[in-house]
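The values are calculated or read from the model by the stated rules, or taken from the named source; none is laboratory data. Note that the structure is predicted; figures quoted are calculated from it, not measured. So basically every Cβ, Gly included, is an ideal-geometry build from the backbone, and we count neighbours across all protein chains shown. Remember, those area values only see protein heavy atoms, side chains included, never the ligands or the DNA or RNA. Shrake-Rupley method; radii C 1.70, N 1.55, O 1.52, S 1.80 Å.
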Amino acid sequence: MKHFRGAIFVSILALIIAYIYGGMTALVLAAILGVMEISLSFDNAIVNARILERMSYKWREVFLTVGMLIAVLGMRFLFPLLVVSISAHLNPIDALMLAMAKGDPSHPGTYAYILNHAHPMIAAFGGMFLLMLALDFFFDFQVVHWLGFPEKILRKIGRFPAATSLCSLILLLILSHFVAKDSFLVLFSGLIGIVLYLAVQGLGHLMAQHGTLAEVEEELENSDSKQSTPPVLLAGKAAFGLFLYLEMIDASFSFDGAIGAFAITPDPIIIMLGLGFIGAMFVRSLTIFLVEKGTLNELIYLEHGAHWAILILAILLLLSIAIEIPEIITGVLGAIIIGCSLISSLFYNRKSRR
């Protein structure tokens, strides 16, 4: 429970604030949004844990503090304001005033209506980013396979140079031409998602390589025997690059929840309390728990299940450009896939012990 004490405290505080702000109705809505965010973000926590386990303990604390601030204020509050501001050609102050006025999501001109109207742009951006994240995992060499046949097929496709970018671009062209109503907007937004993924990933790799080399050289210089083992956990520029990559992944996961929350309430304060303070804090605590307990190394198929869930989430996000897909479908499918990978991992461990 020690990993979740902070999350429990923050959640209770958020519910108290929600009650003071809007009474029992606001409290219940914040709780519902928090549960929704947690149920949708198990795959997020698993992917985050695999990245975070390479970072030093200091940077893990940064992820829980500064990263939490980015998740709450950035993605659950400022991001919707930015979308509304750009879509409606409003300055940020006017967008904030419109947000505080709330309004029916079905009524043109309201904050929630404008944000929902911008959904194709957001879905194309987030969908392409998450698609590349999933394809990069399956196209890369994996020691073990969970779903043998499809994963081996994807690995063969991944041998083609720049396979991830090529597949993503082809899918984006098909989507923008045959599915989207506003082809240019979807194409442009999807391209931004692809470019940003490549840029953040490239920056992370460069910083990681530079930081690792610098750490090894410093370790060797300070060692009497010159035989020290290179440090395992990254810090400095290396960890900063991974932190940026981690925050971009975390942001991409929050797109569907941030937009879907307006189907429950148009109030940005309740959304921030539910998705941000309750949901995001529990996801971060779960991430730290997975890292410190070494769960991903013990349950070898869990990471595969998370990336299959991400792949399906990306596809559903892209399909939602043309058709409405309820949040419950995304959450249930993700939970089923991760649950199956968990059961498969437990069976594998039982067989290995025999």
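For this structure, a couple of remarks:
- Net charge of Cβ neighbours under 14 Å - reference L286; Lys, Arg +1; Asp, Glu -1: +1
- Phi to ³J(HN,Hα) by Karplus 6.51 cos²θ - 1.76 cosθ + 1.60 over segment 143-151, Hz, x for Gly, Pro: 5, 10, 10, 8, 8, x, 5, x, 5
- Per-residue Karplus couplings for segment 13-28, computed as 6.51 cos²θ - 1.76 cosθ + 1.60 with θ equal to phi - 60°, are listed in order as 4, 5, 5, 5, 4, 4, 5, 5, 6, x, x, 5, 4, 5, 4, 5 Hz, Gly and Pro entered as x.
- Taking a sphere under 11 Å around the Cβ of A306 and counting the other residues whose Cβ falls inside, with K and R at +1 and D and E at -1, yields a net charge of -1.
- Amide H within-cut-off set for M55, under 5 Å, with H built and near neighbours excluded: L234
- Degrees between helix 42-52 axis and first principal axis of the chain (Cα, 0 to 90, nearest 10): 40
- Comparing A49, A322, A30 in a Gaussian network model of the chain, where Cα atoms under 10 Å apart are tied by springs, the biggest mean-square fluctuation is seen for A322.
- When the helices of the chain are scored as -39500 (n - 2.57) per DSSP H run of n ≥ 4 and the total is divided over every residue, the value at 222 nm lands at -24500 deg cm²/dmol.
- Descending principal axes extents, the chain, alpha-carbon based, whole Å: 69, 48, 45
- With contacts taken as Cα pairs under 8 Å and at least 6 residues apart, segment 282-343 reaches a relative contact order of 45 percent.
- The string of couplings for segment 282-295 from the Karplus curve (6.51, -1.76, 1.60, θ = phi - 60°) is 5, 5, 5, 5, 5, 4, 4, 4, 4, 5, 6, 8, x, 4 Hz, one whole number per residue in order, with x for Gly and Pro.
- Taking the 1.4 Å solvent-accessible surface of the chain as the whole, the part contributed by carbon and sulfur is 71%.
- When peptides 133-140, 161-168, 313-320 are sorted by average Cβ neighbour count within 10 Å, with the highest value leading, the order is 313-320, 133-140, 161-168.
- Solvent-accessible area per residue for the chain (1.4 angstrom probe, square angstrom): 49
- The slack in the chain from F9 to T25, taken as 0.36 nm per residue of separation less the alpha-carbon distance, amounts to 3.7 nm.
- Spatially close lysines, pair count over the chain: Cα under 28 Å, gap of eight or more or interchain: 10
- Segment D104-T65, length gained on full extension (0.36 nm per residue, minus Cα span): 10.6 nm
- Radius 14 Å from Cβ of S341, net charge of other residues (Lys, Arg +1; Asp, Glu -1): -3
- Residue among V179, V283, V144 with the largest mean-square fluctuation in a Gaussian network model of the chain, springs linking Cα atoms under 10 Å: V144
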